[in-house]
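Trainee: Quick one: the structure is below, questions incoming.
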Amino acid sequence: MSDVNGPTGQTPASNGPEDAAVATAGAGPGAGAEAATGSTTGSAAESVAGAGAPTGSAAVGPHPTAAATAAEGGRRVRVVLVDDHRMFRTGVQAEIGETERTGVEVVGEAADVDQAVTVITATRPEVVLLDVHLPGGGGVEVLRRCAPLMADARQPVRFLALSVSDAAEDVIGVIRGGARGYVTKTITGTDLVDSVFRVQDGDAVFSPRLAGFVLDAFASTDAPPVDEDLDRLTQREREVLRLIARGYAYKEIAKQLFISVKTVESHVSAVLRKLQLSNRHELTRWATARRLV
(Lines give C-alpha, C1' and ligand atoms only; values in the text may rest on other atoms or scores of the structure.)
Protein backbone atom coordinates (compact mmCIF):
# COMPACT_ATOMS: atom_id res chain seq x y z
CA MET A 1 0.00 0.00 0.00
CA SER A 2 1.32 3.40 -0.84
CA ASP A 3 2.33 6.00 1.74
CA VAL A 4 -0.08 8.82 2.59
CA ASN A 5 1.38 10.89 -0.17
CA GLY A 6 0.28 11.79 -3.62
CA PRO A 7 2.14 12.32 -6.88
CA THR A 8 5.50 13.90 -6.53
CA GLY A 9 6.92 16.77 -8.51
CA GLN A 10 4.46 19.39 -7.34
CA THR A 11 5.58 22.13 -5.01
CA PRO A 12 2.80 24.43 -3.79
CA ALA A 13 3.64 28.08 -4.11
CA SER A 14 1.79 29.23 -1.03
CA ASN A 15 3.87 30.09 2.02
CA GLY A 16 1.08 30.72 4.46
CA PRO A 17 -1.85 28.78 5.92
CA GLU A 18 -4.69 27.70 3.72
CA ASP A 19 -7.61 30.09 3.62
CA ALA A 20 -10.16 27.33 3.79
CA ALA A 21 -11.93 25.12 6.28
CA VAL A 22 -14.83 22.91 5.43
CA ALA A 23 -17.31 20.96 7.50
CA THR A 24 -19.03 18.53 5.19
CA ALA A 25 -22.40 16.99 5.80
CA GLY A 26 -22.30 14.10 8.27
CA ALA A 27 -24.22 12.41 11.01
CA GLY A 28 -23.79 13.58 14.54
CA PRO A 29 -24.46 16.60 16.73
CA GLY A 30 -23.80 19.91 15.08
CA ALA A 31 -23.35 18.42 11.64
CA GLY A 32 -24.43 20.59 8.77
CA ALA A 33 -22.65 23.70 9.97
CA GLU A 34 -20.14 24.88 7.46
CA ALA A 35 -17.15 27.17 7.42
CA ALA A 36 -16.49 28.94 4.15
CA THR A 37 -14.12 27.06 1.90
CA GLY A 38 -12.00 27.70 -1.14
CA SER A 39 -11.49 25.22 -3.93
CA THR A 40 -9.43 22.10 -3.35
CA THR A 41 -7.00 20.59 -5.75
CA GLY A 42 -7.76 17.38 -7.54
CA SER A 43 -4.36 15.81 -6.97
CA ALA A 44 -3.07 14.16 -3.84
CA ALA A 45 -0.43 15.71 -1.65
CA GLU A 46 3.18 15.17 -2.56
CA SER A 47 5.38 13.31 -0.17
CA VAL A 48 6.13 14.92 3.13
CA ALA A 49 8.04 11.97 4.49
CA GLY A 50 11.11 13.33 5.97
CA ALA A 51 13.38 14.69 8.49
CA GLY A 52 14.76 11.73 10.29
CA ALA A 53 11.56 9.71 10.36
CA PRO A 54 11.95 6.07 9.38
CA THR A 55 10.88 5.90 5.75
CA GLY A 56 7.84 3.74 5.23
CA SER A 57 7.34 3.28 8.95
CA ALA A 58 4.01 1.78 9.79
CA ALA A 59 2.08 2.94 12.73
CA VAL A 60 2.11 0.72 15.07
CA GLY A 61 1.38 -1.74 17.58
CA PRO A 62 -0.06 -5.16 18.05
CA HIS A 63 -3.53 -4.81 16.44
CA PRO A 64 -3.01 -4.79 12.65
CA THR A 65 -6.61 -5.86 11.94
CA ALA A 66 -8.52 -3.21 13.87
CA ALA A 67 -9.72 -1.46 10.72
CA ALA A 68 -10.57 -4.72 8.95
CA THR A 69 -12.56 -5.94 11.94
CA ALA A 70 -14.41 -2.63 12.10
CA ALA A 71 -15.17 -2.74 8.38
CA GLU A 72 -16.54 -6.27 8.66
CA GLY A 73 -18.89 -5.08 11.36
CA GLY A 74 -20.04 -2.10 9.31
CA ARG A 75 -18.49 0.39 11.70
CA ARG A 76 -17.84 3.95 10.62
CA VAL A 77 -15.58 6.60 12.12
CA ARG A 78 -16.13 10.30 11.47
CA VAL A 79 -12.87 12.21 11.03
CA VAL A 80 -11.77 15.84 10.72
CA LEU A 81 -8.46 16.65 8.97
CA VAL A 82 -6.46 19.55 10.40
CA ASP A 83 -3.37 20.55 8.41
CA ASP A 84 -2.29 23.88 6.96
CA HIS A 85 -1.31 22.34 3.60
CA ARG A 86 -4.33 21.83 1.39
CA MET A 87 -2.51 19.43 -0.94
CA PHE A 88 -1.67 17.17 1.97
CA ARG A 89 -5.27 17.20 3.18
CA THR A 90 -6.36 16.29 -0.34
CA GLY A 91 -3.91 13.38 -0.38
CA VAL A 92 -5.11 12.04 2.96
CA GLN A 93 -8.73 12.39 1.86
CA ALA A 94 -7.99 10.42 -1.32
CA GLU A 95 -6.08 7.74 0.59
CA ILE A 96 -8.44 7.04 3.49
CA GLY A 97 -11.71 8.82 2.72
CA GLU A 98 -13.45 6.23 0.53
CA THR A 99 -15.95 5.37 3.22
CA GLU A 100 -17.32 2.17 1.70
CA ARG A 101 -13.78 0.79 1.44
CA THR A 102 -12.17 2.13 4.62
CA GLY A 103 -15.00 2.90 7.00
CA VAL A 104 -13.62 6.43 7.40
CA GLU A 105 -15.91 9.39 6.70
CA VAL A 106 -14.08 12.72 6.45
CA VAL A 107 -16.64 15.23 7.75
CA GLY A 108 -14.48 18.36 7.87
CA GLU A 109 -11.17 20.06 7.19
CA ALA A 110 -9.32 22.99 8.70
CA ALA A 111 -6.09 24.84 8.04
CA ASP A 112 -5.42 26.78 11.25
CA VAL A 113 -6.31 26.80 14.93
CA ASP A 114 -9.47 28.93 14.73
CA GLN A 115 -10.85 26.98 11.79
CA ALA A 116 -10.05 23.70 13.53
CA VAL A 117 -11.92 24.62 16.70
CA THR A 118 -14.92 25.83 14.68
CA VAL A 119 -15.14 22.72 12.49
CA ILE A 120 -14.50 20.25 15.33
CA THR A 121 -17.15 21.90 17.50
CA ALA A 122 -19.66 21.89 14.63
CA THR A 123 -19.15 18.31 13.47
CA ARG A 124 -18.17 16.52 16.70
CA PRO A 125 -16.08 13.82 14.97
CA GLU A 126 -14.90 10.70 16.73
CA VAL A 127 -11.29 11.33 15.67
CA VAL A 128 -9.31 14.40 14.60
CA LEU A 129 -6.12 13.98 12.57
CA LEU A 130 -4.11 16.92 13.85
CA ASP A 131 -0.94 18.50 12.50
CA VAL A 132 1.41 19.78 15.20
CA HIS A 133 2.50 23.03 13.55
CA LEU A 134 -0.47 25.23 12.66
CA PRO A 135 -0.98 28.97 12.27
CA GLY A 136 -2.62 30.42 15.35
CA GLY A 137 -0.80 28.52 18.07
CA GLY A 138 -0.19 24.99 16.83
CA GLY A 139 -1.82 21.67 17.58
CA VAL A 140 -1.37 22.15 21.32
CA GLU A 141 -3.64 25.21 21.18
CA VAL A 142 -6.32 23.22 19.34
CA LEU A 143 -6.12 20.59 22.07
CA ARG A 144 -6.38 23.21 24.81
CA ARG A 145 -9.46 24.79 23.28
CA CYS A 146 -11.09 21.43 22.58
CA ALA A 147 -10.47 20.05 26.08
CA PRO A 148 -14.21 20.03 26.97
CA LEU A 149 -14.94 17.95 23.86
CA MET A 150 -12.23 15.45 24.80
CA ALA A 151 -13.66 15.20 28.30
CA ASP A 152 -17.23 14.50 27.13
CA ALA A 153 -17.97 11.05 28.53
CA ARG A 154 -20.90 10.40 26.16
CA GLN A 155 -19.25 11.44 22.90
CA PRO A 156 -15.54 12.14 23.33
CA VAL A 157 -13.56 13.69 20.50
CA ARG A 158 -10.19 11.97 20.30
CA PHE A 159 -7.07 13.35 18.64
CA LEU A 160 -4.32 11.61 16.68
CA ALA A 161 -1.34 13.77 15.76
CA LEU A 162 -0.20 13.33 12.15
CA SER A 163 2.94 15.34 11.53
CA VAL A 164 6.12 15.55 9.49
CA SER A 165 7.96 16.32 12.74
CA ASP A 166 9.51 13.51 14.75
CA ALA A 167 10.97 15.80 17.42
CA ALA A 168 10.62 14.65 21.01
CA GLU A 169 9.31 18.01 22.21
CA ASP A 170 6.53 17.96 19.61
CA VAL A 171 5.49 14.41 20.49
CA ILE A 172 5.50 15.04 24.22
CA GLY A 173 3.75 18.40 23.88
CA VAL A 174 0.67 17.08 22.10
CA ILE A 175 0.47 13.97 24.27
CA ARG A 176 0.52 16.13 27.39
CA GLY A 177 -2.16 18.21 25.68
CA GLY A 178 -4.46 15.20 25.43
CA ALA A 179 -3.79 13.55 22.05
CA ARG A 180 -4.20 9.76 22.04
CA GLY A 181 -1.28 9.14 19.72
CA TYR A 182 1.29 10.48 17.29
CA VAL A 183 2.23 9.13 13.87
CA THR A 184 4.49 10.62 11.22
CA LYS A 185 3.50 11.37 7.65
CA THR A 186 5.50 8.41 6.38
CA ILE A 187 2.68 6.15 7.56
CA THR A 188 0.83 4.14 4.93
CA GLY A 189 -2.84 4.67 4.20
CA THR A 190 -3.74 1.22 5.50
CA ASP A 191 -1.92 1.80 8.79
CA LEU A 192 -3.42 5.26 9.15
CA VAL A 193 -6.94 3.87 8.83
CA ASP A 194 -6.06 1.22 11.39
CA SER A 195 -4.67 3.88 13.74
CA VAL A 196 -7.83 5.98 13.41
CA PHE A 197 -10.03 3.04 14.46
CA ARG A 198 -7.73 2.19 17.34
CA VAL A 199 -7.82 5.76 18.62
CA GLN A 200 -11.62 5.72 18.32
CA ASP A 201 -11.55 2.66 20.57
CA GLY A 202 -9.44 4.53 23.13
CA ASP A 203 -6.07 2.96 22.36
CA ALA A 204 -2.83 4.93 22.35
CA VAL A 205 -1.07 4.77 18.96
CA PHE A 206 2.49 5.78 18.04
CA SER A 207 4.90 5.33 15.20
CA PRO A 208 7.47 2.87 16.55
CA ARG A 209 10.41 5.10 17.45
CA LEU A 210 8.22 7.86 18.90
CA ALA A 211 6.77 5.75 21.70
CA GLY A 212 10.13 5.86 23.45
CA PHE A 213 9.95 9.65 23.74
CA VAL A 214 6.67 9.39 25.61
CA LEU A 215 7.80 6.56 27.87
CA ASP A 216 10.95 8.45 28.78
CA ALA A 217 9.08 11.70 29.40
CA PHE A 218 6.42 10.22 31.64
CA ALA A 219 8.83 7.89 33.44
CA SER A 220 10.91 10.86 34.55
CA THR A 221 9.97 12.62 37.76
CA ASP A 222 11.97 15.69 36.84
CA ALA A 223 10.57 18.41 34.61
CA PRO A 224 12.71 18.98 31.51
CA PRO A 225 14.95 22.02 31.79
CA VAL A 226 13.77 25.18 30.05
CA ASP A 227 15.95 26.17 27.10
CA GLU A 228 15.50 29.92 26.81
CA ASP A 229 17.37 30.09 23.51
CA LEU A 230 15.16 27.44 21.92
CA ASP A 231 12.04 29.10 23.32
CA ARG A 232 12.85 32.22 21.29
CA LEU A 233 12.19 30.31 18.07
CA THR A 234 8.80 29.77 16.51
CA GLN A 235 7.63 26.26 15.65
CA ARG A 236 8.40 26.82 11.97
CA GLU A 237 11.88 28.17 12.79
CA ARG A 238 12.53 25.03 14.83
CA GLU A 239 11.53 22.86 11.87
CA VAL A 240 13.89 24.74 9.57
CA LEU A 241 16.66 24.64 12.18
CA ARG A 242 16.34 20.88 12.53
CA LEU A 243 16.44 20.28 8.78
CA ILE A 244 19.40 22.61 8.30
CA ALA A 245 21.25 20.78 11.05
CA ARG A 246 20.54 17.48 9.29
CA GLY A 247 22.24 18.76 6.16
CA TYR A 248 19.23 19.56 3.98
CA ALA A 249 19.68 22.15 1.24
CA TYR A 250 17.34 25.14 1.10
CA LYS A 251 15.48 23.69 -1.90
CA GLU A 252 14.98 20.39 -0.09
CA ILE A 253 13.65 22.17 2.99
CA ALA A 254 11.28 24.23 0.84
CA LYS A 255 9.88 21.08 -0.74
CA GLN A 256 9.67 19.30 2.60
CA LEU A 257 7.73 22.09 4.31
CA PHE A 258 5.74 23.29 1.28
CA ILE A 259 7.22 26.78 1.44
CA SER A 260 9.38 28.81 -0.94
CA VAL A 261 13.17 28.92 -0.90
CA LYS A 262 12.95 32.62 -0.08
CA THR A 263 10.85 31.81 2.99
CA VAL A 264 13.42 29.21 4.07
CA GLU A 265 16.15 31.85 3.77
CA SER A 266 14.10 34.25 5.90
CA HIS A 267 13.61 31.62 8.60
CA VAL A 268 17.32 30.75 8.63
CA SER A 269 18.23 34.43 8.97
CA ALA A 270 15.79 34.79 11.86
CA VAL A 271 17.20 31.71 13.61
CA LEU A 272 20.79 32.91 13.24
CA ARG A 273 19.84 36.33 14.56
CA LYS A 274 17.90 35.04 17.55
CA LEU A 275 20.60 32.54 18.51
CA GLN A 276 23.42 34.99 17.76
CA LEU A 277 25.11 32.58 15.37
CA SER A 278 27.00 33.42 12.19
CA ASN A 279 26.43 30.54 9.75
CA ARG A 280 24.81 27.17 9.24
CA HIS A 281 27.89 25.32 10.55
CA GLU A 282 27.56 27.03 13.92
CA LEU A 283 23.83 26.38 13.79
CA THR A 284 24.45 22.67 13.21
CA ARG A 285 26.83 22.48 16.18
CA TRP A 286 24.29 24.33 18.33
CA ALA A 287 21.48 21.94 17.38
CA THR A 288 23.65 18.85 17.81
CA ALA A 289 24.74 19.93 21.27
CA ARG A 290 21.05 20.10 22.27
CA ARG A 291 20.24 16.77 20.61
CA LEU A 292 17.76 18.36 18.24
CA VAL A 293 19.11 16.59 15.15
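Trainee: What is the residue count in region 238-262 for residues that are of a type outside the set (G, A, S), buried (at least 18 other Cβ atoms within 10 Å of the Cβ) and outside any loop (DSSP other than H, G, I, E, B)?
Mentor: Total meeting the criteria: 12.
Trainee: Applying the selection to region 88-111, what residues are surrounded by fewer than 24 Cβ atoms within 10 Å (Cβ to Cβ) and under 15 Å from the mean Cα position of the chain (by Cα)?
Mentor: Those that are surrounded by fewer than 24 Cβ atoms within 10 Å (Cβ to Cβ) and under 15 Å from the mean Cα position of the chain (by Cα): T90, Q93.
Trainee: Restricting the search to region 177-221, which residues are open to solvent by 10 Å² or more (accessible area, probe 1.4 Å), within 19 Å of V132 (Cβ to Cβ), of a type in the set (V, I, T) and modelled with pLDDT of 90 or more?
Mentor: none
Trainee: Here's something else I'd like to know. In this structure, is V132 at pLDDT 95 or above and in contact with a Gly (Cβ under 6 Å, 6 or more places away or on another chain)? Spell out how you get there, then give the answer.
Mentor: On the way: at pLDDT 95 or above: no; in contact with a Gly (Cβ under 6 Å, 6 or more places away or on another chain): yes.
In short, no.
Trainee: So, of the residues in region 112-130 that are outside any strand (DSSP E or B) and open to solvent by less than 10 Å² (accessible area, probe 1.4 Å), which turns out to be farthest from G177 (Cα to Cα)? Steps first, answer last, please.
Mentor: First, pick out the residues of region 112-130 that are outside any strand (DSSP E or B): 112-126.
Those still in the list that are open to solvent by less than 10 Å² (accessible area, probe 1.4 Å) too: 113, 116, 119-120, 123, 125.
Working: V113: 14, A116: 15, V119: 19, I120: 16, T123: 21, P125: 18 Å.
Step by step, filter region 112-130, then rank; the result is T123.
Trainee: Scanning region 159-171 for residues that are at pLDDT below 85 and more than 17 Å from L257 (Cα to Cα), which turns out least open to solvent (accessible area, probe 1.4 Å)?
Mentor: So in region 159-171, the residues at pLDDT below 85 come out as 166-169.
Those still in the list that are more than 17 Å from L257 (Cα to Cα) too: 168-169.
Details: A168: 35, E169: 64 Å².
Applying the filter and picking the extreme gives A168.
Trainee: Return yes or no: is V142 within 28 Å of T288 (Cβ to Cβ), touching a Leu at 6+ places or on another chain (Cβ under 9 Å) and buried (at least 24 other Cβ atoms within 10 Å of the Cβ)?
Mentor: Judged against the criteria, V142 is not a match.
The values are calculated or read from the model by the stated rules, or taken from the named source; none is laboratory data. This is a predicted model, so every value here is computed, not measured. In this analysis, Cβ positions are derived from the backbone assuming ideal geometry, glycine residues included, and neighbour counts consider all displayed protein chains. Protein only, heavy atoms only, side chains kept; ligands, DNA and RNA dropped before computing areas. Shrake-Rupley method; radii C 1.70, N 1.55, O 1.52, S 1.80 Å.
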